[in-house]
Amino acid sequence: MTIGKPKQLALFGGDPVRGPEKTWPSWPIHDDLERTAVLEVLESGKWFFGERVRRFEREYAAFQDAQHCVSCTSGTTAAEVILQALGIGPGDEVIVPPYTFIATASAVMRRGATPVFVDVDKSWCLDPNLIEQAITPRTRAIMPVHFGGRICDIDRIRALAQRHKLTFIEDACHSWGGKWEGKGTGALGHCGFFSFQYSKNITAGEGGAILTDDPDLAALCRSIVNCGRVEGAPWYHHENLGTNARMTEMAAAILSMQLTRLEEQTLRRECNAAYLNAELGEIEGLTPQPASNRITRRAYHLYCLRIDEERFGCSRKRFIEAANAEGLPIGAGYPIPLYRQPVFAKFSHHDYSACECPVAEDLCARSGMWFAHQLLLAEEEDMRDIVRIIIKIKENVSALREEQ
Ligand SMILES: *Cc1c(COP(=O)(O)O)cnc(C)c1O
């Protein structure tokens, strides 16, 4: 296609594909809906745990096809509450992936239990082939992450959990709106949890939720979130060892408004990502996060891409520098697998020094790259810019070889 000499990379002084006049959608997105909702809460004087929290819980459960939703203050808290409600504690093990946010594993440790890391596969999610060999008599639960919004292999993990009588907990903190064979994430396993922190696809700054189809588990989680109180009992009756992790009315009011945009935004991201997957998948040395035909709606929290440095022709570091200079804010993702964080050596009796998950190590050290979900809310023309940028880098790749 290119006739003559390809245009010089912006990294070396050429014109960028996207100059500073071209901006990406900012996040969070809000308008009069949120403004009115917040003002209503403010002026009603009812700032405390009540009808708006309940309303959001009903709406969110319905949106994710779950029977019950228990809201709370964060995704991290949601994980800790679930693990407490399941009675997971000292001596127990929970299987988690090593390529994830800290909370997936730290929640397990804060219960006095041991996170056991099982590697991810090319989907960036827990490798179902490696789970069985990690199960011991102490294993209580499997807690995969739908990384970037890519739903893990639900069918195989559910079957493994059933066979070994383990609880299947979804860390669905990247998967608002995701559906597996038509059913929403969160209650595909026994239970799941979500985050509404600032960077997430639906947000009130902070916030979290637990979903389940199990009414007893939902009631116990609700009690733990609310100081151990139980439904129907007097205010000063404390049945369970709870905490205060209640969502505020202000947060719930914002989330209800955010939720009205979630479906349209999810579809738009999915459509733009499908275009990128098709185009970038054609470029030698790049692999978008793989699809599955059982994922009937795919949330995108991150757009994840793997680079094979040899086949692409330059290092990941140089690719990212070149892409950033052309106007694409892509980064290398997590720099180390979770088990190399100092917290595990400092606060666990388990020895993680021999822990090795080669796929996660490779994502961190060499191949993993991602950019944030809000870029996928831009126009088709902006997606074409992303493809143009990456083709331009490919065409100039010899200039990026480190040895030169
Ligand atoms: C964000 C996130 C969490 C925790 O959510 P917070 O609301 O930030 O506490 C847990 N797991 C994953 C995978 C996340 O991305």
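On full extension of the chain, what length is gained from Asn324 through Ala62, given 0.36 nm per residue of separation minus the C-alpha to C-alpha distance?
90.3 nm
Counting Lys and Arg as +1 and Asp and Glu as -1, what is the net charge of the other residues whose Cβ lies under 13 Å from the Cβ of Leu255?
Spelling it out: positives minus negatives among the neighbours equals +1.
Secondary-structure-derived ellipticity at 222 nm for the chain, considering helices only, amounts to -11000 deg cm²/dmol, per-run term -39500 (n - 2.57) for DSSP H runs with n ≥ 4. Using a probe radius of 1.4 angstrom, the carbon and sulfur fraction of the accessible surface of the chain is 53%.
Length gained on full extension, Arg366 to Phe12, computed as 0.36 nm times the residue gap minus the Cα-Cα distance: 125.1 nm. In summary, the aspartates and glutamates within cross-link reach of Lys22, defined as a Cα separation below 15 angstrom excluding same-chain residues under 8 places away, comprise Glu326, Glu379, Glu380, Glu381, Asp382, Asp385.
Taking the chain as a Gaussian network of alpha-carbon nodes connected by springs under 10 Å, the highest mean-square fluctuation of the residues Tyr99, Tyr60, Tyr275 belongs to Tyr275. Result for the chain in a Gaussian network model with C-alpha springs under 10 Å: among Lys394, Lys46, Lys200, the largest mean-square fluctuation is at Lys46. Using the 1.4 Å probe convention, the accessible area of segment 262-303 works out to 43 Å² per residue with neighbouring protein chains retained. Here the simple spin-label model places points 7 Å from the Cα toward Cβ, and for Arg163 and Arg268 these points are separated by 4.4 nm. P(r) tail, segment 345-404: Cα-Cα pairs separated by more than 18 Å, 65% of all pairs.
Charge dipole (Cα centre; +1 on Lys/Arg Cβ, -1 on Asp/Glu Cβ; no other charges) of the chain amounts to roughly 300 debye. If a spin label sat at a point 7 angstrom from the Cα of Glu231 along the line to its beta carbon, the backbone N atoms of segment 60-103 nearer than 16 Å would be those of 60-62, 66-72. Mean projected area of the convex hull spanned by the Cα atoms of segment 92-198, taken over all viewing directions: 6.3 nm².
Given R0 = 45 Å, the distance between the Cβ atoms of Arg401 and Glu40 translates into a calculated FRET efficiency of 0.15.
Based on Cα atoms of segment 32-258, Rg over Rh with Rh as the Kirkwood radius reads 0.98.
Paramagnetic label reach from Ala291 (point 7 Å along Cα→Cβ; backbone nitrogen cut-off under 17 Å): within segment 258-285, residues 266-283.
Simple rule: put +1 on each Lys or Arg Cβ and -1 on each Asp or Glu Cβ in the chain, find the dipole, and look at Pro234, Gly186, Ile135; the Cα lying farthest toward the positive end is Ile135.
Rank Ala159, Leu39, Gly91 by how far each Cα sits towards the positive end of the charge dipole of the chain (+1 on Lys, Arg Cβ; -1 on Asp, Glu Cβ) and give me just the farthest. Checking the options against the dipole of the chain, the answer is Gly91.
For segment 165-303, the Cβ-based charge dipole about the Cα centre amounts to some 120 debye (Lys, Arg positive; Asp, Glu negative; other atoms uncharged). Axis angle, to the nearest 10 degrees, between helix 215-225 and the longest C-alpha principal axis of the chain: 90 degrees.
A crude spin-label estimate for the pair Arg54 and Ser199, with each label 7 Å from Cα along the Cβ direction, gives 3.6 nm.
Taken per residue, the accessible surface of segment 92-251 reaches 36 Å², heavy atoms only and a 1.4 Å probe. Shape analysis of the chain based on the Cα gyration tensor places the equivalent ellipsoid semi-axes at 38, 27, 17 Å, largest first.
Look at the dipole of segment 75-133 built from charges on Cβ: of Thr77, Ala103, Ser123, the Cα furthest out on the positive end belongs to Thr77.
Overall shape of segment 262-403 was characterised from the C-alpha gyration tensor. The equivalent ellipsoid obtained from it has semi-axes of 28, 22, 13 Å, in decreasing order.
Here the 3J(HN,Hα) profile of segment 63-79, calculated from phi with Karplus coefficients 6.51, -1.76 and 1.60 at θ = phi - 60°, is 4, 9, 6, 10, 6, 9, 10, 10, 7, 7, 7, 6, x, 4, 4, 4, 5 Hz, Gly and Pro shown as x.
In order along segment 312-317, phi translates into HN-Hα couplings of 6, x, 8, 6, 4, 4 Hz, rounded to whole numbers, per the Karplus curve 6.51 cos²θ - 1.76 cosθ + 1.60 with θ = phi - 60° and x for Gly and Pro. Quick check: the distance between the Cα centres of segment 36-61 and segment 191-247, to the nearest angstrom? With segment 36-61 and segment 191-247 each reduced to a Cα centre, they are spaced 16 Å.
Bridgeable aspartates and glutamates around Lys179 (alpha carbons under 17 Å apart, same-chain partners fewer than 8 residues away excluded): Glu59, Asp65, Asp153, Asp155, Glu170, Asp171, Asp213, Glu263, Glu264, Glu270.
For segment 227-343, the Cβ-based charge dipole about the Cα centre amounts to some 220 debye (Lys, Arg positive; Asp, Glu negative; other atoms uncharged). Lys and Arg at +1, Asp and Glu at -1: add these up for the other residues within a Cβ distance under 9 Å of Thr73 and post the number. Charge balance in the 9 Å sphere: 0.
Taking each residue as 0.36 nm, the span from Arg384 to Lys183 lengthens on full extension beyond its C-alpha to C-alpha distance by 69.2 nm. By the rule of a second cysteine Cβ within less than 4.7 angstrom, the chain holds isolated cysteines at Cys69, Cys72, Cys173, Cys191, Cys221, Cys227, Cys271, Cys304, Cys314, Cys355, Cys357, Cys364.
Can you tell me the orientation of helix 154-163 relative to the chain, as the angle in degrees between its alpha-carbon axis and the longest Cα principal axis, to the nearest 10? For helix 154-163, the angle is close to 40 degrees.
The values are calculated or read from the model by the stated rules, or taken from the named source; none is laboratory data. If you're wondering where the values come from, they're calculated on a predicted model, not measured in any experiment. FYI the Cβ positions are ideal-geometry reconstructions off the backbone, even for glycines, and counts take in every protein chain you see. Heavy atoms of the whole protein, side chains included, go into the accessibility calculation; ligands, DNA and RNA do not. Shrake-Rupley method; radii C 1.70, N 1.55, O 1.52, S 1.80 Å.
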